[in-house]
1. State whether the residues of the range 12-29 include one that is among the charged types (D, E, K, R), in a strand (DSSP E or B), on the phi < 0 side of the Ramachandran plot and under 11 Å from the mean Cα position of the chain (by Cα).
2. What number of residues within the range 47-62 satisfy the criterion of being over 14 Å from Ile90 (Cβ atoms) and either of a type in the set (Gly, Ala, Ser) or not in a loop (DSSP other than H, G, I, E, B) (or both)?
3. Scan the range 116-136 and tell me whether some residue there is in a helix (DSSP H, G or I), hydroxyl-bearing (Ser, Thr, Tyr) and either in contact (Cβ under 8 Å) with a residue 40 or more places away in the chain or out of contact with any Cys (no Cβ under 6 Å at 6 or more places or on another chain) (or both).
4. Scan the range 63-79 for residues that are part of a helix (DSSP H, G or I), under 11 Å from Gly33 (Cβ atoms) and touching a Gly at 6+ places or on another chain (Cβ under 9 Å) and jot them down.
5. Just one of the numbered conditions (1) touching a residue at least 40 places away in the same chain (Cβ under 8 Å); (2) in a helix (DSSP H, G or I) is not true of Glu44; which one?
6. Quick check: anything in the range 47-69 without any contact (Cβ under 8 Å) to a residue 60 or more places away in the chain, touching a His at 6+ places or on another chain (Cβ under 9 Å), surrounded by fewer than 21 Cβ atoms within 10 Å (Cβ to Cβ) and not acidic (Asp, Glu)?
7. Quick test for you: out of Leu88, Leu105, pick the one residue that is surrounded by 19 or more Cβ atoms within 10 Å (Cβ to Cβ), among the aliphatic types (A, V, I, L, M), at pLDDT below 95 and in a helix (DSSP H, G or I).
8. Quickly run through the range 24-46 and pick out the residues that are over 17 Å from Leu95 (Cα atoms) and either touching a His at 6+ places or on another chain (Cβ under 9 Å) or hydroxyl-bearing (Ser, Thr, Tyr) (or both).
Amino acid sequence: MTSTPATTQQHYYYGLGRRKCAIAQVRLFPGEGNVLVNGKPAREYFGREVLDLIVQQPLRAVETGSSFNAVATVLGGGLAGQAGAVRLGIARALLVMDEANRQTLRGQGLLTRDPRIKERKKPGLKRARRAPQYTKR
């Protein structure tokens, strides 16, 4: 992995993914099935095997995944949110590549953006819903 595919002039498929506060811009290039996140391999970047499996999910769902390299640029959020954002970005890029993938990706829930975000803190409470501890005396 001496140079990233983004430096060469190749045709790519683009997908944008969001999850919690994370935003991922994903490009799919013809290749061997490698996934780079912010210039590092996905396994090395995320550090946990579970997060790497989440990122690989759309490529496994569509059996052509081993013939594409994914290059993702991720901003914001934590590791779990970033993995979810990259997953959605890869799924959307696969959809741009071939509209026939829609049924497979939709069936596994990979095209649905997860709307859950952190709830704001409310006045008079310690957190969003946590009330101060009750004292009898």
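1. yes
2. The total comes to 3.
3. No; the residues of the range 116-136 include none that is in a helix (DSSP H, G or I), hydroxyl-bearing (Ser, Thr, Tyr) and either in contact (Cβ under 8 Å) with a residue 40 or more places away in the chain or out of contact with any Cys (no Cβ under 6 Å at 6 or more places or on another chain) (or both).
4. Gly65, Ser66, Ser67
5. The number of the failed condition is (1).
6. no
7. Answer to the selection: Leu105.
8. Tyr45
The values are calculated or read from the model by the stated rules, or taken from the named source; none is laboratory data. Note that the coordinates shown come from a computational prediction; the quantities given were computed from them, not determined experimentally. Note that each Cβ is placed from the backbone with ideal geometry, even for glycine, and that neighbours are counted across all protein chains shown.
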